[in-house]
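The values are calculated or read from the model by the stated rules, or taken from the named source; none is laboratory data. As the structure is a computational prediction, the values presented were derived from the model and not from experiment. Glycine gets a Cβ as well: all are built from the backbone with ideal geometry, and neighbour counts include every protein chain shown. Quick note on the areas: whole protein, heavy atoms, side chains included, nothing else; ligands and nucleic acids left out. Shrake-Rupley method; radii C 1.70, N 1.55, O 1.52, S 1.80 Å.
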Amino acid sequence: MRAIWKGAVSFGLVSIGVKLYSATEEKDIRFHQVHREDGGRIRYKRTCSVCGEEVTYDDIAKGYDIGGGEMVILTDEDFADLPLTSSRAIDVLEFVPAEQVDPILYNKAYFLEPEGTATKPYVLLRDALIDSERVAIVKVALRQREQLATLRVREGVLLLNTMLWPDEIRTPDFGFLDEDLKVRPPELAMASSLIDSMTGEFEPDVFTDDYRAALQEVIDAKVEGREVVQPEEVEEAPAAAVDLMAALKASVDRARAARGEQPARGGGGEPTPISSARSAQKAAEKKAAKAPAKKTATKKTAEKKAAEPAKKTAAKKTAAKKTTAKKAEPAKKTAARKTAPRKSA
């Protein structure tokens with residue numbers, strides 16, 4: 001690591017020489033803007049919007065827009081005259097319990113390393129902070145800006161956390177905060193049960209940046225000229241409105257299953273209005289499903305009964321027709337004899 005700042009921690013009448021190192025680094029994969037056709041880097045020129053000329057860094061100053069197209073220009077001399085008396089010092093203002101500092105105030109973290117002969121007072125301040133279970137509230141000037149910060153101990157090293165000023169924290173202004181929303185006790189109990197089933201010890205090393213890993217795989221595949229194996233997509237939960245109690249219960253069961261525990265059995269507690277309504281709806285659907293089947297069976301029976309007399313009547317008519325035809329046969333034979341010519345003697 002490379003020190004980005006040198007100064008001293010002012011602790012009462014004790015001065016502790018320190019070096020400042022950035023304690024964090026972003027792991028984002030960075031890209032350059034390039035020409036799609038040939039991969040050439042895209043360059044930007046610093047040009048003046050008034051005269052159109054290209055401007056070098058030496059001719060660039062800071063300007064504050066006061067509106068109406070007017071600009072106040074500040075030079076390096078203007079900044080040099082600002083009263084940053086603690087420009088090379090970390091002034092300890094007070095010591096407070098760590099839980100009194102809202103995490104939203106934290107901005108960026110830096111490690112402090114003792115410089116030269118400052119190791120013993122450095123260790124003294126470190127051990128005193130551990131014993132008192134406090135953090136130090138300090139002021140420090142970094143990059144031409146005075147900042148509020150805390151000093152605490154992490155893994156045996158003093159850690160400087162710069163903070164936002166209170167007036168830099170926005171006040172939430174959302175419509176639902178003015179609504180009179182009531183949460184029913186069964187819903188709150190189920191939500192608390194879900195929290196209990198998902199409670200564990202925070203181990204940051206078990207969490208990974210899956211997107212960055214997949215993007216790196218794409219880049220490596222491009223370099224090596226091979227195909228990228230797409231991972232299977234995880235099916236997302238439906239975004240439609242669902243029964244809140246049912247969703248909470250399903251979430252509890254899934255969390256318990258993930259831990260290897262048995263899901264909660266239904267019927268153990270009193271039915272809620274939502275569960276009662278769902279049970280009534282299922283019973284009605286079941287009854288409605290049985291009714292058409294019963295009607296269909298009745299209809300088939302009626303059709304069968306109606307068809308039987310018709311079959312019997314048709315059978316009787318056929319039998320009568322055969323009997324009549326049989327009786328008519330002798331008459332036909334007699335008529336045939338009379339009609340036949342007599343033979344001559």
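Residue ranking by accessible heavy-atom surface, 1.4 Å probe, largest first, among Met1, Met245 comes out as Met1, Met245.
Starting from the Cα gyration tensor of segment 184-223, take the square roots of the eigenvalues, sort them a ≥ b ≥ c, and report rounded, prolate or oblate (rounded when a/c is under 1.5, otherwise prolate if a/b is larger than b/c, else oblate).
On the way: a/c = 8.41, a/b = 3.06, b/c = 2.75.
It is prolate, given that a/c is not under 1.5 and a/b is the larger ratio.
Per the Cauchy relation, a quarter of the hull surface: what is the mean projected area of the convex hull of the alpha carbons in segment 104-149, in nm²?
Working: hull surface 17.1 nm².
Result: 4.3 nm².
A 1.4 Å probe run over segment 93-134, with the rest of the protein chains in place, finds 67 Å² accessible per residue. Specify whether the C-alpha gyration tensor of segment 13-172 places it in the rounded, prolate or oblate class, a ≥ b ≥ c being the square roots of the eigenvalues: rounded for a/c under 1.5, otherwise prolate if a/b is larger than b/c and oblate if not. Because a/c hits 1.5 or more and a/b exceeds b/c, segment 13-172 counts as prolate. Ligands, DNA and RNA left out, the accessible area of segment 163-230 computed with a 1.4 Å probe is 58% carbon and sulfur. Set the Förster distance to 41 Å, then compute FRET efficiency between Val183 and Lys27 from the Cβ-Cβ distance, nearest 0.05. Step by step, r from the Cβ atoms, then E = 0.55.
FRET efficiency for the Arg2 to Glu37 pair, using the beta carbon distance and R₀ = 45 Å, is estimated at 0.70.
In this view, the solvent-accessible surface of Phe31, computed with a 1.4 Å probe and all protein chains in place, comes to about 140 Å².
Between Trp165 and Leu215, full extension at 0.36 nm per residue minus the direct alpha carbon distance yields a gain of 14.4 nm. Rolling a 1.4 Å probe over the protein heavy atoms leaves Glu94 with an accessible area of roughly 100 Å². Classify segment 11-86 from the C-alpha gyration tensor, please: rounded if a/c falls under 1.5, else prolate or oblate depending on whether a/b exceeds b/c. Judged from the Cα gyration tensor, segment 11-86 comes out oblate (a/c at least 1.5, b/c at or above a/b).
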